[in-house]
Amino acid sequence: MLTGDIRNQVDQIWNAFWSGGVSNPLSVIEQITYLLFIKRLDDLHTLEESKAETLGLPMARRIFPKGGDDKGCLYEDMRWSRFKHFEPREMMAVVDEHVFPFLRNLGTEGSSYGRHMRDARLGFSNPALLAKVVEMVDKMPMEDRDTKGDLYEYMLGKIASAGQNGQFRTPRHIIQLMVELVAPTPDDVLCDPAAGTCGFLVAAGEYLREQHPALFRNEQQRRHFHEGLFHGYDFDPTMLRIGAMNMTLHGVENANITYRDSLAQDHTADAGTYSLVLANPPFAGSLDYESTAKDLQKIVKTKKTELLFLALFLRLLKTGGRAAVIVPDGVLFGSSKAHQALRRMLVEDHKLDAIVKLPSGVFRPYAGVSTAILFFTKTGVGGTDQVWFYDLQADGYSLDDKRTNLLPPDKLGPIPRETLSAEEHAKNNLPDVLARWQAREGTERERPRTAQSFCVSKAEIAETGSYDLSLNRYKEVEYEQVEHDAPADIIRELREIEKEISQGLTLLEEMLG
């Protein structure tokens, strides 16, 4: 957890950028990312120098070469530890005219640290601002991995709180819930094809550190963790830079964070590669058939991005691979042929494990559309037996645009530090989701349809004809007084009306964005 002093330091840096004319939150975090990267390069070079001096050997790896660049600037002067002492105008000249070209050259040479810096540019021309921000960043405590990660997460949160580019931010507690439910292992190969700031990959890495600390004592598993486990794709270069830095600051040395238009490019090279997919893809739009990857169109003929992403997940997963992905409610009951075909495929051809319905305000203030988390396993030969449904009604925060805490911090998230009372559960269902998930193949199958969670058989889902997966299709409501007095046919009619109203409201939410 960050202390108030550290948060204040971040806020001061943020305010310095705003005062200096850099007002776009995404530009601020991008510029801070560049500076953190430059500082990290110097830290790595210093570490190599210390190793060489201790061992009495030449440096095995020089990040900053000897000599100078073609403009006459010494590489030694491009190091953070040197230029931070320069006066502002000299610092600006060195950083803008020499350090950033050096970063871009790192990218063209294919360095793991430089591949996302090919288009790096200093986004302002105020020497006083640069000197002020360098001084502030230099004082930030970046030695401890947890602190570095929390610092960057706090800055990423400021993108969301500023009300811009919030689409890149899945709430951290929802990400943590999904990771806890799928329980990644050290041998997994994880992919997020719409990675954004790499929140899912970071959370999976933190889970593995906590649950499988022994992996770092196994050379093969440790190398896999740093170089082969994490894969993230995005088509926004800024997001790639921010996401790559997020992974680096959380202690993953060489995650595969690369450019890809996931729905447009063919996936032959990595089809069937991944054992786990975690994602919250963009799902408000459609693509032309001509611009959509042909291998996805073979799975489902559609222009809808939310359906194409599901087809993509099936394409990328290897047999036995698992997925936990967020989808709009329309995927669960949409009436088009593509919607029905994809649901039938999940139920009949693979193993649909669970559906967790999320409250409609979980992504406010950016979107009010109703969503759900789909959990499935790619088998190619079926396997669906009972599908577990959970009606998540409260996530610990208000469901309005302010999204304020309803409970103290130690009682939020899927694993609170203290056991929640019944009253507190009504404000935070996440721990209950996790507890009931563990029993979904046991006692959960005995719960009535009036409960917050219950199971539905594959046969019953198939009987709908459209493979309807909406929770309200199967959930029963207790009409206490009405059921006592009303005939059974009226009760059934009331339930059907309720389901139709709920689905109609969800569709309306989707249309309104």
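Regarding Tyr397, is this residue surrounded by 24 or more Cβ atoms within 10 Å (Cβ to Cβ) and of a type in the set (Phe, Trp, Tyr)? So Tyr397 does not fit the description; no.
Across segment 344-366, the qualifying residues are those that are hydrophobic (A, V, I, L, M, F, W, C) and in a loop (DSSP other than H, G, I, E, B), and the one among them that is nearest to Asp329 (Cα to Cα) is Leu358.
Among the candidates Val387, Val369, single out the residue that is aliphatic (A, V, I, L, M), in a loop (DSSP other than H, G, I, E, B) and farther than 18 Å from Leu278 by Cβ. Give the derivation first.
Working: Val387 fails: in a loop (DSSP other than H, G, I, E, B).
After ruling out the rest, the residue left standing is Val369.
If the condition is being closer than 18 Å to Ile415 by Cα and either among the polar types (S, T, N, Q) or out of contact with any Pro (no Cβ under 6 Å at 6 or more places or on another chain) (or both), then segment 209-219 contributes Arg209, Glu210, Gln211.
Taking segment 5-115 and the helices (runs of 4 or more DSSP H) fully enclosed by it, the elements with 3 or more residues that are at pLDDT 95 or above and surrounded by 15 or more Cβ atoms within 10 Å (Cβ to Cβ) are at 80-83, 88-94.
For residues that are assigned to a loop (DSSP other than H, G, I, E, B) and surrounded by fewer than 23 Cβ atoms within 10 Å (Cβ to Cβ), scanning just segment 195-233, find the one that is farthest from the chain's Cα centre (by Cα).
Keep residues of segment 195-233 that are assigned to a loop (DSSP other than H, G, I, E, B), which gives 195-198, 212, 218, 228-229.
So of that shortlist, the ones also surrounded by fewer than 23 Cβ atoms within 10 Å (Cβ to Cβ) come out as 212, 218, 228.
Values: His212: 21, Asn218: 27, Gly228: 18 Å.
Looking at residues that are assigned to a loop (DSSP other than H, G, I, E, B) and surrounded by fewer than 23 Cβ atoms within 10 Å (Cβ to Cβ), I get Asn218.
Results for (1) in contact with a helix residue (DSSP H, G or I) (Cβ under 7 Å, 6 or more places away or on another chain); (2) closer than 19 Å to Thr377 by Cα, shown as yes or no for each residue.
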position: Leu317; (1), (2): no, yes
position: Asp329; (1), (2): yes, no
position: Arg343; (1), (2): no, yes
position: Ile355; (1), (2): yes, yes
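Every residue in segment 21-75 that is without any contact (Cβ under 8 Å) to a residue 12 or more places away in the chain, basic (Lys, Arg) and touching a helix residue (DSSP H, G or I) at 6+ places or on another chain (Cβ under 9 Å), please. Within segment 21-75, just Lys66 meets the criteria.
Close contacts from segment 242-262, counting a first residue that is at positive phi and a second that is part of a strand (DSSP E or B) and of a type outside the set (Ser, Thr, Tyr), with Cβ to Cβ under 9 Å and a gap of 6+ residues or different chains, come to none at all.
Taking segment 400-409 as the range and being closer than 20 Å to Tyr366 by Cβ and exposed (fewer than 13 other Cβ atoms within 10 Å of the Cβ) as the test, the residues that pass are Asp400, Asp401, Lys402, Thr404.
Kindly evaluate Leu215 against the criterion of being among the hydrophobic types (A, V, I, L, M, F, W, C) and at pLDDT 85 or above. Write out each step before concluding.
Working: among the hydrophobic types (A, V, I, L, M, F, W, C): yes; at pLDDT 85 or above: yes.
So Leu215 fits the description; yes.
Within segment 130-154, residues that are farther than 13 Å from Ile13 by Cα sit with their Cβ atoms under 6 Å from residues that are of a type in the set (S, T, N, Q), at 6+ positions apart or across chains, in these pairs: Pro141/Thr147. Per the conditions (1) among the polar types (S, T, N, Q); (2) surrounded by fewer than 21 Cβ atoms within 10 Å (Cβ to Cβ); (3) modelled with pLDDT under 95, the sole criterion not satisfied by Thr319 is (3). Of everything listed in (1) surrounded by fewer than 13 Cβ atoms within 10 Å (Cβ to Cβ); (2) outside any loop (DSSP other than H, G, I, E, B); (3) at pLDDT 95 or above; (4) not basic (Lys, Arg), the single unmet condition for Glu500 is (3).
One residue stands out among those in segment 330-385 that are under 20 Å from the mean Cα position of the chain (by Cα) and among the charged types (D, E, K, R): the one that is farthest from Leu307 (Cα to Cα), which is Arg364.
Quick one: would you say Arg473 is on the phi > 0 side of the Ramachandran plot and among the charged types (D, E, K, R)? Judged against the criteria, Arg473 is not a match.
Taking segment 410-458 only, how many residues are touching a residue at least 60 places away in the same chain (Cβ under 8 Å), surrounded by fewer than 18 Cβ atoms within 10 Å (Cβ to Cβ) and part of a helix (DSSP H, G or I)? Spell out the reasoning first.
Going through segment 410-458, the residues touching a residue at least 60 places away in the same chain (Cβ under 8 Å) turn out to be 412-415, 430, 433-434, 437, 440, 452-458.
If we keep only those that are surrounded by fewer than 18 Cβ atoms within 10 Å (Cβ to Cβ) too, we end up with 415, 434, 452, 457.
Of the ones still in play, those that are also part of a helix (DSSP H, G or I) are 434.
The number of residues fulfilling the criteria is 1.
The values are calculated or read from the model by the stated rules, or taken from the named source; none is laboratory data. What you see is a predicted model; the values in this text were computed from it and never measured. So basically every Cβ, Gly included, is an ideal-geometry build from the backbone, and we count neighbours across all protein chains shown.
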